[in-house]
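The structure appears right after this line, and notes come after that.
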Amino acid sequence: MSISYIAEKKLFTIHTVHSTWQMKVGRYGHLLHVYYGKRTEDTDLSYLIREMDRGFCGYPYEARDDRGYSLDTLPQEYPCFGAGDYRTACLHVIHADGSQAAELRYVSHRIYEGRYSLPGLPSVRASDTEAQTLEIFLRDRNSGLEVILYYGVLEQSDVITRACRIQNSGEAPIRLLRALSCCVDFADGDLDMISFYGRHSMERNVQRLPVPHGRLSSGSTRGTSSHQANPFVILCDRSAGEEQGNCYGMTFVYSGNFLAEAEVNQVNQPRFVMGIHPDGFCWTLEKGEEFITPEVILTYSSDGFEALSGNLHDLYREHLLPRQFRDRRHPVLLNNWEVTEFDFTEEELLSLAESAADLGIELFAMDDGWFGDRNRDGSGLGDWTVNREKLPSGLSGLSKKIRKMGMQFGIWIEPEMVNEDSDLYRAHPDWCLHIPGRRPNLERCQLVLDMFRREVRDYLFDSISKAIDEAAASYVKWDMNRSLSDVWSAELPADRQGETAHRYVLGLYELMDRFTGKYPDILWEGCSGGGGRFDAGILCYMPQIWCSDDTDAIERISIQYGTSFGYPICSVGAHVSASPNLQTGRSISLKTRAEVAMAGTFGYEMDVRTLNGEEREQVRRQVQEYQKYGDIIRQGNYYRLTNPYENHVYAAWQFVSKDQTESLVSFVLLHAEANPPFRQLRIRGLKEDVRYRINEEERVYTGSALMYAGLPLPVLWGDYQSTHFYIRQI
Ligand code: GLA
């Protein structure tokens with residue numbers, strides 16, 4: 001049993017293979033947090049909860065003179081605003097009388113095999129033998145406010161998931177101003193928080209800061225998880241690194257506004273909370289109504305970031321990404337966006353496809369520009385019928401011709417958007433998010449459809465399904481090219497407008513669920529101007545996400561490095577693009593561009609017709625290499641061998657098959673040096689006493705030699721050169 005309860009002590013203990021979570025019902029009924037960290041024997045750790053009258057720290061009325069029992073310093077599982085805890089809270093409500101206090105106390109609990117369910121929300125999937133659930137029922141004595149805390153335990157994965165259901169069992173309405181999903185309090189410790197900030201075309205930069213007195217937060221209020229922040233953070237020891245130290249990964253399974261916040265209180269106890277961002281949020285619970293928070297995935301490692309990322313990569317592959325893609329290699333695709341943008345004809349696409357087919361490329365993805373009056377980004381969005389001027393034989397005609405070449409065919413869509421210059425907008429100007437009487441903010445000349453509205457979703461489902469059917473699509477890229485603003489829905493009354501942003505996300509998930517349910521064999525790729533919605537919520541529906549609109553291989557090394565902390569490599573959309581690169585003007589060899597794109601889903605986004613004979617041969621070999629190494633890349637363990645923020649001379653990363661018989665090491669020289677020193681790369685994850693051969697070399701190495709003495713790196717000539725090593729057990 002991974003969950004146990006000792007009734008006399010009112011003590012809950014959750015074990016995963018390497019971690020322990022413990023909590024206890026305090027003597028006045030509050031659910032207190034005891035411990036989360038390295039697995040401990042099955043003992044009572046509640047000695048960690050220490051009390052002292054600290055002054056200016058109140059205590060519940062019934063505690064009378066028991067002054068040490070202060071909610072302001074006691075570690076808690078689901079802290080509330082307004083009743084004596086002044087730290088960042090999970091729950092903040094307004095009652096019908098305007099008061100804002102809540103105090104939750106334990107009522108009962110339930111332990112069962114399998115997982116809790118979160119209707120309408122994506123979440124981790126596991127069978128009854130893989131997971132257990134603990135539900136703890138809490139109630140506010142003075143109102144109808146009730147909360148069920150869910151703890152999902154995947155013992156073998158070293159993962160605990162959390163979410164909650166907030167319900168109103170009283171007569172009067174309750175408004176939620178803040179309804180986060182999870183809190184982790186620590187008894188002590190100097191922690192750093194690592195967050196992943198960015199911008200369009202430079203997502204998931206790594207920022208590591210000490211958790212201060214006062215609050216440190218990462219979050220998004222853009223309606224999407226965003227380029228600017230990512231709903232994944234790590235809390236860790238000050239000394240933690242790739243291979244050592246305590247670290248905690250927290251991932252929000254959600255694609256909208258989020259907050260990840262940490263603070264250290266007056267007596268040096270760190271607190272961390274995560275959930276829907278409270279800015280702009282307000283949700284009314286009428287009598288009998290409930291609100292379900294999205295899920296947070298928590299995982300712990302005592303051995304640094306490498307193991308932490310490993311836990312998450314395995315979890316995604318086994319329990320989060322759509323199952324049917326788990327063992328499937330991605331087809332190597334060619335996308336026409338960076339080749340043609342909006343300016344193409346059927347003839348041109350066919351000549352590109354023909355050239356790609358000849359190289360062994362397996363799928364042709366037609367990007368933006370195939371529908372409506374879509375000759376520029378200012379028109380056509382919303383009109384999901386084919387543009388016959390560009391494609392005279394329609395989607396079906398084009399698709400047939402491409403499939404005849406032996407390739408699969410796929411299309412690009414951006415369902416959530418509308419241009420003012422579109423038939424859809426002319427017919428339904430009220431379907432977009434807008435505030436009556438106020439001109440909406442524009443981004444890329446487009447407005448956001450109100451995904452909460454059923455008729456909007458039905459229109460999108462019908463018109464896009466028709467296009468998918470006509471195209472006989474094997475692949476669909478779902479894009480989303482702006483942030484939300486003017487968030488107001490005609491469907492909701494004035495006092496419920498604070499629900500619109502979350503209802504948008506629920507509508508989005510409902511539509512994604514419908515599409516992926518109807519077309520389970522289509523390979524769906526998420527996208528939001530590159531990686532602006534790279535999150536676990538989307539990955540529950542779509543097994544891959546276009547990682548960034550920055551396709552420069554050198555910049556991609558940093559972007560893919562940051563992304564790898566929280567997300568598996570098989571989900572990272574990566575393509576070989578033109579040189580000089582369209583975003584940076586940097587010239588990089590075809591070899592290096594392919595090397596970097598192979599740390600992802602691998603494809604091409606360049607005019608392959610312009611390649612000379614030698615380059616065409618090279619591309620054929622690259623396609624075959626990806627087919628050969630695809631399984632290790634998708635399913636293997638991943639190791640970050642260098643940190644691009646520290647090592648500006650070279651970058652290296654590694655894949656190792658689960659059975660440790662094969663490995664692929666990639667090495668890119670970032671900065672060529674005169675008279676360079678010799679370097680050995682200490683690689684990871686092999687078996688110490690097993691003998692391995694590198695590429696087709698005669699020389700044989702033991703795993704321990706390669707891991708501890710190192711693999712000798714070649715001296716390469718010129719910036720941005722690369723090589724890889726295929727290592728195989730003999
Ligand atoms: C976004 C995507 C690109 C491309 C364009 C098309 O920016 O990230 O890959 O699809 O839209 O408009």
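Can you tell me, using C-alpha contacts under 8 Å and at least 6 residues apart, the relative contact order of the range 215-261 as a whole percent?
50 percent
Toward the positive end of the charge dipole of the range 587-730, about the Cα centre and with charges on Cβ (Lys, Arg +1; Asp, Glu -1), which of 678, 661, 715 goes farthest?
661
I need the calculated FRET efficiency for the pair residue 719 and residue 50, taking r as the beta carbon distance and R₀ as 60 Å, to the nearest 0.05.
My answer for the efficiency is 0.60.
Put a dot 7 Å past each Cα toward the Cβ at residue 199 and residue 518; how far apart are the dots in nm?
Result: 3.9 nm between the two label points.
State, to one decimal in nm, how far the label point of residue 7 lies from the label point of residue 137, with both points 7 Å from Cα in the Cβ direction.
About 1.6 nm separates the two model spin labels.
So what does the Cα-only Debye profile of the range 125-283 read at q = 0.11, 0.19, 0.20 Å⁻¹, as log10 I(q)/I(0), no solvent term?
-0.53, -1.33, -1.38
For the range 14-82, which GluC sites (Glu not before Pro) are both in a DSSP coil and crowded by at most 13 other Cβ atoms within 10 Å? Before the final figure, lay out each step's value.
Working: sites: 41, 51, 62, 77; in loops: 41, 51, 77.
Listed in order of number, the matching sites are 41.
At q = 0.14 Å⁻¹, what is the base-10 log of I(q)/I(0) for the range 523-580 according to the Debye formula with one equal point scatterer per Cα and no solvent? Please give it to two decimals.
-0.34
May I ask you to work out the translational diffusion coefficient for the range 121-165 at 25 °C, viscosity 0.890 mPa s, via Stokes-Einstein with Rh from the Kirkwood sum over Cα pairs, reported in whole µm²/s?
207 µm²/s
Could you order 320, 48 so the one with the most accessible surface comes first? Probe is 1.4 Å. Each step should come with its number before you reach the end.
Numbers: 320 0, 48 55 Å².
Ranked list, largest accessible area first: 48, 320.
So what's the net charge close to residue 67: Lys and Arg +1, Asp and Glu -1, counting the other residues with Cβ under 11 Å from its Cβ?
Details: positive: 54, 64; negative: 51, 53, 65, 66.
So the environment of residue 67 carries a net charge of -2.
Rounded to whole Å, give me the distance from the Cα center of the range 561-591 to that of the range 617-674.
Going from one Cα centre to the other spans 13 Å.
Which chymotrypsin sites (Phe, Trp or Tyr not before Pro) in the range 1-90 sit in a loop by DSSP (not H, G, I, E or B) and have at most 11 other Cβ atoms within 10 Å of their own Cβ?
Of the chymotrypsin sites (Phe, Trp or Tyr not before Pro), the ones in loops of the range 1-90 whose Cβ has at most 11 other Cβ atoms within 10 Å are 56.
Between residue 375 and residue 343, what is the spin-label point distance in nm, taking each point 7 Å from the Cα along the Cα→C-beta axis?
1.2 nm
Provide 717, 524 ordered by accessible surface of protein heavy atoms (probe 1.4 Å), highest first.
717, 524
Over the chain, calculate the relative contact order: mean separation of alpha carbon pairs under 8 Å at least 6 apart, over the residue count, as a percent.
Computed value for the chain: 10 percent relative contact order.
Probe radius 1.4 Å, ligands and nucleic acids left out: which of 431, 488 has the largest accessible area, and how do the rest follow? Present the calculation step by step, with values, prior to reporting the outcome.
Working: 431 20, 488 75 Å².
Accessible-area ranking of 431, 488, largest first: 488, 431.
Among the lysines, which fall within straight-line cross-link reach of residue 400, defined as a Cα-Cα distance under 21 Å, with same-chain neighbours fewer than 8 residues apart omitted?
390, 466, 477
How large is ³J(HN,Hα) for each residue in the range 315-330, as worked out from phi by the Karplus curve 6.51 cos²θ - 1.76 cosθ + 1.60 (θ = phi - 60°), to whole Hz, x for Gly and Pro?
With the stated coefficients, the range 315-330 comes to 4, 4, 5, 8, 10, 10, 5, x, 4, 5, 9, 4, 9, 9, 6, 5 Hz.
How large is the dipole of the chain about the Cα centre if only Lys and Arg carry +1 and Asp and Glu carry -1, each at its Cβ, rounded to the nearest 20 debye? Don't skip to the answer; put the middle values down first.
On the way: 77 positive and 103 negative charges, 159 e Å.
Value, rounded to 20: 760 debye.
Compute and list, largest first, the equivalent-ellipsoid semi-axes of the range 1-75 from the alpha carbon gyration tensor, each √(5λ) rounded to a whole angstrom.
27, 13, 8
How big is the antiparallel share of DSSP beta bridges in the range 232-314, given as a percent to the nearest 5? Could you put the intermediate results ahead of the total?
On the way: 18 of 19 bridges.
Given both bridge residues lie in the range 232-314, the antiparallel proportion sits at roughly 95 percent.
Given a cut-off of under 8 Å on Cα pairs at least six residues apart, what relative contact order in percent is computed for the range 685-730?
The value is 46 percent.
Mind checking which of 131, 435, 690 is farthest towards the positive end of the chain's charge dipole, using Cβ charges of +1 (Lys, Arg) and -1 (Asp, Glu) about the Cα centre?
The listed residue farthest towards the positive side: 690.
Counting pairs of Cα atoms in the range 591-649, how many percent are more than 14 Å apart? Mind dumping the intermediate values first?
On the way: 1089 of 1711 pairs.
The proportion of pairs with Cα distances above 14 Å equals 64 percent.
Expressed as a whole percent, how much of the Cα-Cα distance distribution for the range 535-668 exceeds 20 Å?
Pairs farther apart than 20 Å: 45 percent.
Which three extents, in angstrom, do the Cα atoms of the range 98-199 have along their principal axes, listed largest first?
Cα spread of the range 98-199 along its principal axes, largest to smallest: 43, 38, 33 Å.
Just going by the charge dipole of the chain, with Lys and Arg at +1 and Asp and Glu at -1 on Cβ, which of 120, 340, 20 is farthest out on the positive end?
With unit charges placed on the Cβ atoms, the residue in question is 20.
Rounded to the nearest 20 debye, what is the charge dipole size of the range 425-488 about its Cα centre when +1 sits on each Lys and Arg Cβ and -1 on each Asp and Glu Cβ? Write down the numbers at each step before the final one.
Numbers: 10 positive and 10 negative charges, 52 e Å.
Here the range 425-488 has a charge dipole of around 260 debye.
Rounded to two decimals, what ratio of Rg to Rh does the range 390-461 give with C-alpha atoms and a Kirkwood Rh? Intermediate values should be presented prior to the final figure.
Details: Rg = 16.5 Å, Rh = 14.6 Å.
My calculation of the ratio gives 1.13.
Taking 0.36 nm per residue of separation and subtracting the Cα-Cα distance, what length does fully extending residue 86 through residue 107 add? Please report the intermediate quantities before stating the final value.
Working: separation 21, 0.36 × 21 = 7.56 nm, distance 2.41 nm.
Difference between extended and current length: 5.1 nm.
Compactness ratio of the chain: Cα Rg over 2.2 N^0.38 Å, N = residue count?
0.99
Considering every Cα-Cα pair within the range 199-289, what fraction, in whole percent, is farther apart than 19 Å?
Counting pairs separated by more than 19 Å, the tail of P(r) holds 49 percent.
How large is the charge dipole for the range 1-139, taken about the Cα centre, if only the Cβ atoms of Lys, Arg (+1) and Asp, Glu (-1) carry charge, to the nearest 20 debye? Don't skip to the end; give the middle numbers.
Numbers: 16 positive and 18 negative charges, 30 e Å.
In total the dipole reaches around 140 debye.
Beyond a 27 Å Cα-Cα separation, which of these cross-linked pairs lie in this structure: 401/518; 401/591; 518/658?
401/591; 518/658
log₁₀ I(q)/I(0) of the range 270-398 at q = 0.09, 0.21 Å⁻¹, via Debye over equal Cα point scatterers, no solvent, to two decimals?
Each listed q maps to, in turn, -0.59, -1.15.
The values are calculated or read from the model by the stated rules, or taken from the named source; none is laboratory data. All values reported here derive from a predicted model rather than from experimental measurement. Heads up, the Cβs are rebuilt from the backbone with ideal geometry, glycines too, and the neighbour counts pull from every protein chain shown. Ligands, DNA and RNA are stripped out before the accessible areas are found, and what is left, the full protein with its side chains, is counted by its heavy atoms. Shrake-Rupley method; radii C 1.70, N 1.55, O 1.52, S 1.80 Å.
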